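Participant: Below is one structure. I have some questions about it.
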Amino acid sequence: MAEDRRPWFKTLFCVRGSVIQAVLPRVGMCTGFSLLITLLHNAGIPVSWPVLGSVVPSLVLGLLLVFRTNASYERFWEGRKLWGTMINTVRNLARQIWVSVDTSRGSKEQALKLLVAFAIATKQHLRQQPCQHELRHLVSSTQLDKLLTMNSPPLEIAFWLGDYLQVQQLKGRINPYQLQAMTQQVNTLVDVLGGCERILKTPLPLSYSIHLKQLLVMYCMALPFQVVNELNVWTIPVVALVAFAVFGVEEIGLEIENPFGCDLNDLPLNAICQTMERNIQDLVTLTPSIEKNEQQPWQITTLY
């Protein structure tokens, strides 16, 4: 956690990951308009209209921005909780398969690789990117070719996991109760996939986004008329700062609305998938007690 803490002043002046570049054209437009109004005012043209302050009340605009940001952050946080559920489910199911299924290590290792493949395929599916390069070391060539023809690769991998568990139960390598528990874990993975797709395919209403943008532009364009008489040339930097603030808040909400992308402000899905893969690699280095007893039946483990 400590490594994620950044020096306060370094963060203050950090451009990478901020919304400065995104809002700069809009801020420039409002600044240029405020420059025009200032020049007209200094030329003696009556452009000072304080009454325009009531066109878009600051309170209304603030409430709209807060609602926009909260709605986007709720989607961001829900996506993080779903991926947290996926991490826990992959770990639990991997542990159950590794300990409970009475079959060869190679067969179980392949099943555990499918769990990692499900997470990576979900990540690529949400980003609408191909998955063949990232899955090449986790699935067979036949399975990879099959995934390339599917509309939802993670759903196909979930089918393979369920089929694997069913076969192990039919061969007597797990009992029906273990099958039921593991199948429920697979169902949870599919539920996580559905929850992520719900976030991805349900954007905020277009009418709300359009209306908010229109109000933001109206507010920033009306601001020079309100303050030019009192601030004169200082109208230009004041309008620039206000425009940067309001457009920046709106842009932040827009960026975190879809938390599954590749931007710096999106969820670190690559790191999450790498963590799951490392967990699986650590797990396969362990030997379940049942295998130890089969190899050395004269020794009784002290764990039981």
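Participant: Provide the per-residue ³J(HN,Hα) series for segment 200-209, in order, calculated from phi with Karplus coefficients 6.51, -1.76, 1.60 and θ = phi - 60°, each as a whole number of Hz, with x at glycine and proline positions.
Facilitator: Coupling constants for segment 200-209: 5, 9, 10, x, 4, x, 4, 4, 5, 4 Hz.
Participant: Right, another one. Hey, what's the chain come to in accessible area per residue, 1.4 Å probe, Å²?
Facilitator: In whole numbers, the chain has 57 Å² accessible per residue.
Participant: Next question, about the same structure. What span do the alpha-carbon atoms of segment 127-199 cover on each of the three principal axes, reported in whole Å from largest to smallest?
Facilitator: Cα extents, longest axis first: 39, 32, 17 Å.
Participant: When all C-alpha to C-alpha distances in segment 1-132 are sorted into bins of 5 Å, what percent of pairs does each bin hold, rounded to whole numbers?
Facilitator: 2, 7, 7, 9, 12, 12, 11, 9, 7, 6, 5, 4, 3, 2, 2, 1, 1, 0, 0
Participant: For segment 165-205, just say rounded, prolate or oblate: build the C-alpha gyration tensor, square-root its eigenvalues into a ≥ b ≥ c, call rounded for a/c under 1.5, and beyond that prolate if a/b exceeds b/c, oblate if not.
Facilitator: prolate
Participant: Leaving out ligands, DNA and RNA but keeping every protein chain, what accessible area does R173 have, in Å² rounded to the nearest 10, with a 1.4 Å probe?
Facilitator: Spelled out: R173, probe radius 1.4 Å, area about 70 Å².
Participant: First check a/c for segment 211-272, with a ≥ b ≥ c the square roots of the eigenvalues of its C-alpha gyration tensor; if it is under 1.5, answer rounded, and if not, answer prolate when a/b is larger than b/c or oblate otherwise. The partial results should precede the final answer.
Facilitator: Working: a/c = 7.15, a/b = 2.77, b/c = 2.58.
It comes out prolate by the Cα gyration axes.
Participant: Sorted by accessible area with a 1.4 angstrom probe, largest first, how do V27, V99, V190 fall?
Facilitator: V99, V190, V27
Participant: A follow-up question, please. Once ligands and nucleic acids are excluded and a 1.4 Å probe is used, how much of F67 is accessible, expressed in Å² to the nearest 10?
Facilitator: 120
Participant: With a 1.4 Å probe and every protein chain kept in, tell me what percent of the accessible surface of the chain is carbon plus sulfur.
Facilitator: Working: 10740 of 17430 Å².
Carbon with sulfur: 62 percent of the solvent-accessible area.
Participant: Next question, about the same structure. How large is ³J(HN,Hα), in whole Hz, for each residue of segment 172-178 in order, when computed from phi with the Karplus curve 6.51 cos²θ - 1.76 cosθ + 1.60 and θ = phi - 60°, using x for Gly and Pro?
Facilitator: Coupling constants for segment 172-178: x, 8, 9, 8, x, 5, 5 Hz.
Participant: Using protein chains only and a probe of 1.4 angstrom, how many square angstrom of M218 are accessible, to the nearest 10?
Facilitator: 90
Participant: Among the lysines, which have Cα under 21 Å from the Cα of K201 when same-chain residues fewer than 8 positions away are ignored?
Facilitator: Those lysines meeting the cut-off are K81, K123.
Participant: Using a 1.4 angstrom probe on the protein heavy atoms only, line up Y177, Y208 by accessible area, largest first.
Facilitator: Working: Y177 180, Y208 50 Å².
The most accessible residue leads, giving Y177, Y208.
Participant: Would you mind computing Rg(Cα) / (2.2 N^0.38 Å) for segment 117-161, counting N as its residues?
Facilitator: Dividing the Cα radius of gyration by 2.2 N^0.38 Å gives 0.96.
Participant: While we're looking at this one, here's another question. Take the Cα atoms of the chain, build their convex hull, and give its volume per residue in Å³.
Facilitator: Details: hull volume 54.4 nm³, N = 304.
For the chain, the hull spanned by Cα atoms encloses 179 Å³ per residue.
Participant: Can you give the log10 of the normalised intensity I(q)/I(0) at q = 0.10, 0.12, 0.22 Å⁻¹, computed with Debye over equal Cα scatterers of segment 127-262?
Facilitator: The computed values of log10 I(q)/I(0) come out as -0.61, -0.72, -1.28.
Participant: Need the list of lysines near K171 for cross-linking: C-alpha distance under 17 angstrom, and skip anything on the same chain fewer than eight residues off.
Facilitator: K108
Participant: I need the phi-derived Karplus couplings for segment 87-101: 6.51 cos²θ - 1.76 cosθ + 1.60, θ = phi - 60°, integer Hz, Gly and Pro marked x.
Facilitator: 4, 5, 5, 4, 5, 5, 5, 4, 5, 5, 5, 5, 8, 9, 6
The values are calculated or read from the model by the stated rules, or taken from the named source; none is laboratory data. All values derive from a computational prediction rather than experimental measurement. Heavy atoms of the whole protein, side chains included, go into the accessibility calculation; ligands, DNA and RNA do not. Shrake-Rupley method; radii C 1.70, N 1.55, O 1.52, S 1.80 Å.
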